[in-house]
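Peer 1: If you scroll down you'll find the structure; I have some questions about it.
The values are calculated or read from the model by the stated rules, or taken from the named source; none is laboratory data. Computed from a predicted model, the values in this text were never measured in an experiment. Neighbour counts run over all protein chains shown; Cβ positions are idealised from the backbone, glycine included. Areas reflect the complete protein model, heavy atoms only, side chains present, ligands, DNA and RNA absent. Shrake-Rupley method; radii C 1.70, N 1.55, O 1.52, S 1.80 Å.
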Amino acid sequence: MKKVIASAAFGLAIAGMASSAQAQDIAYYAGLGAGAVSVDYKATGIDQKNASVGAFLRFGADVNEYFGAELRVGMTGNDKKSYAAGVVGASATDLSFSSPVFVSYLGKFKYPVSSDVDLYMLAGATTARIKGKSASAAGTFTQTQLKTGLSLGAGVDYHMDNKISVGGEWTQYMFPVKLNQGAVFAAGSKARMWGVVGTVGYHF
């Protein structure tokens with residue numbers, strides 16, 4: 001609950017900064033990002049960090065040349081790995097972790113290097129449904145939990161013309177968050193979520 005309240009407060013702060021920004025028409029854009037977007041899992045004796053392909057839709061507003069805000073809705077692929085008998089359970093086990101859906105609400109702090117190129121930093125939060133799956137001779141089990149965490153990132157945008165931009169970025173969507181023990185998640189286990197992607201945007 002504290003994280004949700006903190007995220008809401010951050011969102012209100014972004015809104016306040018936007019409303020007090022110097023007068024310029026707000027410029028809207030939409031687009032997508034795709035690349036390595038993964039959920040990592042860590043528990044006693046396990047540190048699973050296999051990259052998977054993921055993607056998101058992005059909707060943003062540039063308040064001025066230095067500040068904007070962006071909303072993302074996306075999903076990750078499966079971070080899957082096989083373990084020998086005795087590591088996770090009595091028999092060989094396949095573990096996979098993913099986020100079937102995540103939502104990020106981000107402030108975007110930009111620095112125009114030239115008329116065509118912007119460097120930027122992202123700060124905000126992500127709420128994600130973390131899904132774990134375990135398959136072994138004992139059966140197949142799944143477990144999901146909704147988690148919210150701090151998001152930070154950095155990237156570059158290249159404006160091909162007044163309408164189209166392309167770029168690339170790294171984002172830590174969620175720093176390690178504690179998972180509740182259950183059918184898949186072990187006691188004391190944690191998950192984190194990150195992405196390295198290419199982006200494209202259409203500016204209205």
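Peer 1: Given the residues Gly153, Gly139, Gly182, which is the only one that is closer than 30 Å to Thr93 by Cα and touching a residue at least 24 places away in the same chain (Cβ under 8 Å)?
Peer 2: Gly182
Peer 1: Could you list all residues from region 41-53 that are open to solvent by less than 60 Å² (accessible area, probe 1.4 Å) and either in a strand (DSSP E or B) or touching a helix residue (DSSP H, G or I) at 6+ places or on another chain (Cβ under 8 Å) (or both)?
Peer 2: The answer is Tyr41, Ala43, Ile46, Gln48.
Peer 1: Right, next: For region 135-157, which positions are surrounded by 14 or more Cβ atoms within 10 Å (Cβ to Cβ), modelled with pLDDT of 95 or more and of a type outside the set (A, V, I, L, M, F, W, C)?
Peer 2: Selection gives Gln143, Thr144, Gln145, Lys147, Thr148, Gly149, Ser151, Gly153, Gly155, Asp157.
Each row is one residue, and each column tells you yes or no for (1) crowded, with 18+ Cβ neighbours inside 10 Å; (2) among the aliphatic types (A, V, I, L, M).
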{"position": "Ser38", "(1), (2)": "yes, no"}
{"position": "Ala61", "(1), (2)": "no, yes"}
{"position": "Leu71", "(1), (2)": "no, yes"}
{"position": "Asp94", "(1), (2)": "no, no"}
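Peer 1: Pick from region 20-33 the residues that are aliphatic (A, V, I, L, M) and open to solvent by less than 50 Å² (accessible area, probe 1.4 Å): which of them is nearest to Ala154 (Cα to Cα)?
Peer 2: Step by step, filter region 20-33, then rank; the result is Ala30.
Peer 1: Let me confirm something: among Ser134, Ser114, Ser151, which residue is over 22 Å from Pro176 (Cα atoms) and small (Gly, Ala, Ser)?
Peer 2: Ser114
Peer 1: I need the full set of residues from region 183-203 which are of a type in the set (Phe, Trp, Tyr) and open to solvent by less than 70 Å² (accessible area, probe 1.4 Å), in order please.
Peer 2: Hits for region 183-203 are Phe185, Trp194.
Peer 1: On the given criteria, is Asp161 in a strand (DSSP E or B), farther than 19 Å from Thr126 by Cβ, charged (D, E, K, R) and more than 14 Å from the chain's Cα centre (by Cα)?
Peer 2: No, not satisfied.
Per-residue answers, yes or no, for (1) under 19 Å from the mean Cα position of the chain (by Cα); (2) open to solvent by less than 30 Å² (accessible area, probe 1.4 Å):
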site	(1), (2)
Val103	yes, no
Ser165	no, yes
Gly168	yes, yes
Gln181	no, no
